[in-house]
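The values are calculated or read from the model by the stated rules, or taken from the named source; none is laboratory data. None of the values given here were measured: they were computed from a predicted structure. Here the Cβ positions follow ideal geometry from the backbone for every residue, glycine too, while neighbour counts run over all protein chains shown.
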Amino acid sequence: MNHPVAAAKFNEDAARTQWHDEALWFVRQKRDRASRTIPEWEALREQASQIKAHVLANLDTYLEEFERNARANGVQVHWAQDAEEHNRIVHSILKRHGVRKLVKSKSMLTEECHLNPYLEAQGIEVIDTDLGERIVQLARQAPSHIVMPAIHFRKEEIGELFHDRLGTEAGNADPQYLTEAARQHLRAQFLSADAALTGVNFAIAETGGFVVCTNEGNADLGAHLAPVHIACMGLEKIIPRAEHLGVFLRLLARSATGQAITTYSSHFHRPRPGTEMHIVLVDNVRTEHLAREDFRAALKCIRCGACMNTCPVYRRSGGHSYGYVVPGPIGAILAPARDLKTYATLPFASTLCGSCSDVCPVKIDIHTQLYKWRQVVTEAGFLPREKRLMLRLAGRLFKYPHLYQAAGRWGRRLLRKLPRRMLYTPLNAWGRARELPEPPRQSFREWYIENRKPE
Amino acid sequence: MSSRSDILAALRRNKPPQSPLPDLTPRPEIPSGALEATFLQALELAGGRFFVSSPEHSVSQALAEAYPAERVICSAMPALVQGTVDLHRITDPHHLASVDLFVCRGTFGVAENAAIWVDERQIGHRAAPFLAQHLAIVLNRQEIVPTMHEAYARLSVAEPGFGVFIAGPSKTADIEQALVIGAHGPRSLTVVLMDENDTVRT
């Protein structure tokens with residue numbers, strides 16, 4: 001994948017890019033308003049960050065504690081080293097129960113593991129039940145945002161899609177009407193599903209329970225009706241005690257959508273009588289990521305999406321341009337830990353403005369990590385050729401002061417003299433959308449020598 | 001079991017140095033006099049509505065006015081509100097899909113976000129408050145805590161097999177960020193505030 005190429009494609013439709021930018025900025029503003037209602041907001045972020053740091057330092061013991069308590073609660077706990085094992089475990093549970101239809105609530109982990117195509121290949125019908133996820137599933141796409149999966153769709157496109165797939169009336173793009181149609185369609189799915197799968201927002205070591213947050217109620221409608229509930233979670237979702245939920249639930253929805261809390265914060269501890277509850281704990285490169293000192297803080301992420309909504313690059317390039325299940329700034333520091341070569345362009349999809357780190361509710365040093373990933377990418381030799389060339393050239397230039405001064409003199413002169421068509425060539429990436437600066441008469445060094453001659 | 005031991009071994013090998021848990025106290029207080037007003041304001045923002053019941057204006061009466069067209073009413077508080085279907089006679093939660101209005105008790109509310117704790121022991125079926133077309137929660141107006149911190153301080157979260165904070169009706173903004181109330185769950189939430197004495201009586 002190549003972020004600049006994909007972003008350029010997204011940018012071809014200028015009006016749409018503008019709309020996308022504004023839609024996300026609107027969410028960012030809601031987040032700002034919500035955070036300002038809490039005077040102790042910054043203290044909360046600090047606490048959340050420290051709790052997560054503590055968890056990362058004790059993941060082994062907390063996971064064991066969680067497993068012990070969950071088992072005592074009558075929940076079956078499974079461990080999966082990678083995506084393949086996770087998919088196999090889920091399938092074996094479904095197979096044992098003869099499941100033909102599975103309803104799923106939002107789970108970025110199962111996206112990461114490509115569970116849907118795996119199960120579909122085994123003949124199981126998989127229905128994503130979050131409205132945004134259902135939209136992208138019907139359109140045979142991937143989510144473009146982790147909280148608002150269909151944020152890249154215009155309502156007219158959803159109207160057409162629903163007309164095609166759900167039989168809504170042609171040309172009707174009213175969100176109220178379309179949501180009502182999805183409601184009827186999805187309630188029928190909940191009522192006829194053989195099993196439900198949910199993600200996990202937080203798993204509590206102390207009690208062996210887990211919390212799932214939704215606005216639609218789709219996780220609950222699935223889990224409370226089907227005879228089997230499977231919850232899939234990455235290892236890092238664990239928190240020590242229930243009291244820590246107070247910190248995280250205050251931060252999560254405010255950071256994500258600007259709501260004070262999601263409509264439903266569901267706490268699962270034991271299966272309903274006569275039904276089964278399973279938890280799949282998934283590693284899938286997380287333990288390796290934990291070993292990277294510079295990058296392990298990325299595992300603190302609670303998946304609120306605030307870094308995406310605020311990112312000037314994400315807003316103008318769209319989630320699909322990242323080519324990874326988690327897009328945006330946090331995706332750009334998670335993806336390279338999985339496959340440096342494939343995702344080598346992602347750490348460069350940033351202006352390093354630092355807004356992502358400022359809004360992050362668990363205070364991940366996102367922009368610092370982006371900067372550090374750039375060095376890793378460069379050292380591994382995955383920089384594009386022209387960038388490598390330019391950097392080598394710049395390196396030489398900075399090494400020899402006389403060369404640097406001469407280049408400056410010539411540059412200032414040539415910029416004034418050369419015709420436009422020689423300056424604004426395809427090599428001049430800056431000049432594609434901007435004017436070059438007016439060259440000054442002299443450099444600062446020349447001015448200094450002239451004005452500050454030693455007495 | 002080998003994946004389990006491999007994962008745990010990798011975690012022990014790779015985990016960062018110790019880092020202490022933060023102290024979660026002290027916290028700023030919302031003055032207790034402002035709790036109900038803050039709660040109601042948050043409820044309105046979350047798309048919920050409310051009324052205060054009194055001896056002159058009973059819960060049943062008020063709900064009948066708020067939901068005049070709803071015919072199938074299921075109540076988890078039959079002494080307070082009489083339903084048209086008996087919750088205890090429903091064995092399969094799928095049958096709750098035809099319920100127009102579900103009425104249940106909330107344990108307590110949270111002022112900062114209007115979340116109300118509902119425990120499975122108060123609802124008969126876990127699916128009930130999600131599957132009904134409309135939801136009414138009866139709340140003792142003295143039972144409102146300032147923030148989620150106080151909420152978890154008073155909660156034995158693992159005591160029920162399932163418990164949920166509910167803040168407003170089911171909603172979505174997945175189509176062009178347009179807020180639509182009534183995604184898959186209840187199309188409305190009505191909170192009935194009662195005085196302590198009234199709740200005791202019922």
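Worth pointing out:
- Here the stretch A:223-272 is the region considered, the condition is being among the aromatic types (Phe, Trp, Tyr) and at the interface with another protein chain (Cβ under 7 Å from one of its Cβ atoms), and the residue that is surrounded by the most Cβ atoms within 10 Å (Cβ to Cβ) is A:PHE268.
- Just one of the listed residues (A:ASP283, A:ASP339, A:ASP358) is closer than 27 Å to A:GLU84 by Cβ, away from every other protein chain (no Cβ under 14 Å) and charged (D, E, K, R), and it is A:ASP339.
- Filter result for A:LYS9 (among the basic types (Lys, Arg), part of a helix (DSSP H, G or I), under 26 Å from A:SER350 (Cα atoms) and in the same structural domain as A:ALA256 (by TED's automatic domain parsing)): no
Matching residues to (1) among the aliphatic types (A, V, I, L, M); (2) touching a Ser or Thr at 6+ places or on another chain (Cβ under 7 Å); (3) touching a residue at least 12 places away in the same chain (Cβ under 8 Å); (4) assigned by TED's automatic domain parsing to the domain that holds A:GLN18:
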{"site": "A:TYR314", "(1), (2), (3), (4)": "no, no, yes, yes"}
{"site": "A:TYR322", "(1), (2), (3), (4)": "no, no, yes, yes"}
{"site": "A:ILE330", "(1), (2), (3), (4)": "yes, no, yes, yes"}
{"site": "A:LEU334", "(1), (2), (3), (4)": "yes, no, yes, yes"}
{"site": "A:ARG338", "(1), (2), (3), (4)": "no, no, yes, yes"}
{"site": "A:VAL362", "(1), (2), (3), (4)": "yes, yes, yes, yes"}
{"site": "A:ASP365", "(1), (2), (3), (4)": "no, yes, yes, yes"}
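- Residue in the stretch A:180-190 that is within 12 Å of chain B (Cβ to nearest Cβ) and more than 30 Å from A:GLY98 (Cα to Cα) present: yes
- Among the residues listed as A:LEU383, A:LEU436, the single one being closer than 30 Å to A:MET1 by Cβ and assigned to a loop (DSSP other than H, G, I, E, B): A:LEU383
- A:GLU85 surrounded by fewer than 18 Cβ atoms within 10 Å (Cβ to Cβ) and modelled with pLDDT of 95 or more: no
- Residue count, the stretch B:161-196 (criterion: outside any loop (DSSP other than H, G, I, E, B) and either at the interface with chain A (Cβ under 7 Å from one of its Cβ atoms) or within 18 Å of the chain's Cα centre (by Cα) (or both)): 16
- Top-ranked residue of the stretch A:49-75 - restricted to ones that are over 30 Å from A:ASP358 (Cβ atoms) and buried (at least 19 other Cβ atoms within 10 Å of the Cβ), ranked as nearest to the other protein chains (Cβ to nearest Cβ): A:ASP60
- Cβ separations smaller than 6 Å between residues 6+ apart or across chains give no pair from the stretch A:393-404 residues that are at negative phi to residues that are of a type in the set (A, V, I, L, M, F, W, C) and loosely packed, with under 11 Cβ neighbours inside 10 Å.
- Checked against (1) in contact with a Ser or Thr (Cβ under 7 Å, 6 or more places away or on another chain); (2) over 23 Å from A:GLN442 (Cα atoms), A:MET390 passes all but condition (1).
- Segments classed as strands (runs of 3 or more DSSP E), wholly inside the stretch A:170-280, with at least 2 members that are of a type in the set (Val, Ile, Thr) and under 18 Å from A:ARG303 (Cα atoms): A:209-214
- Of note, A:ALA142 satisfies the criterion of being more than 19 Å from A:LEU191 (Cβ to Cβ), touching a residue at least 40 places away in the same chain (Cβ under 8 Å), surrounded by fewer than 21 Cβ atoms within 10 Å (Cβ to Cβ) and among the small types (Gly, Ala, Ser).
- Criterion applied to A:THR198, A:THR275, A:THR214 was being β-branched (Val, Ile, Thr), more than 23 Å from B:ALA114 (Cβ to Cβ), more than 7 Å from every other protein chain (Cβ to nearest Cβ) and buried (at least 23 other Cβ atoms within 10 Å of the Cβ), and the one residue passing it is A:THR198.
- Those residues of the stretch A:201-210 which are at the interface with another protein chain (Cβ under 9 Å from one of its Cβ atoms) and of a type in the set (A, V, I, L, M), in sequence order: A:ILE204
- Single match in A:VAL55, A:VAL90 (criterion: of a type in the set (A, V, I, L, M), more than 30 Å from B:LYS171 (Cβ to Cβ) and at pLDDT 95 or above): A:VAL55
- Candidates in the stretch B:155-191 are the residues that are among the hydroxyl-bearing types (Ser, Thr, Tyr) and farther than 18 Å from B:PHE50 by Cβ; of these, the one that is surrounded by the fewest Cβ atoms within 10 Å (Cβ to Cβ) is B:SER156.
- Test: residue in the stretch A:81-93 that is under 22 Å from A:ALA203 (Cα atoms), within 13 Å of chain B (Cβ to nearest Cβ) and touching a Cys at 6+ places or on another chain (Cβ under 6 Å): yes
- Of the helices (runs of 4 or more DSSP H) lying entirely inside the stretch B:1-106, those containing at least 2 residues that are out of contact with any strand residue (DSSP E or B) (no Cβ under 7 Å at 6 or more places or on another chain) and within 30 Å of B:PRO186 (Cα to Cα) are B:35-45, B:59-66.
- Test: residue in the stretch B:145-155 that is within 14 Å of the chain's Cα centre (by Cα), within 30 Å of A:VAL75 (Cβ to Cβ) and of a type in the set (D, E, K, R): no
- Selection count where residues are away from chain A (no Cβ under 11 Å) and either assigned to a strand (DSSP E or B) or aliphatic (A, V, I, L, M) (or both), scope the stretch B:117-160: 7
So that you can scan it fast, the table gives a plain yes or no per residue for (1) under 20 Å from A:THR214 (Cα atoms); (2) surrounded by 15 or more Cβ atoms within 10 Å (Cβ to Cβ); (3) of a type outside the set (S, T, N, Q):
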residue	(1), (2), (3)
A:ILE89	no, yes, yes
A:SER92	no, no, no
A:LYS95	no, no, yes
A:ARG100	no, no, yes
A:SER105	yes, yes, no
A:LEU109	yes, yes, yes
A:LEU115	no, yes, yes
A:GLN122	no, no, no
A:ILE127	yes, yes, yes
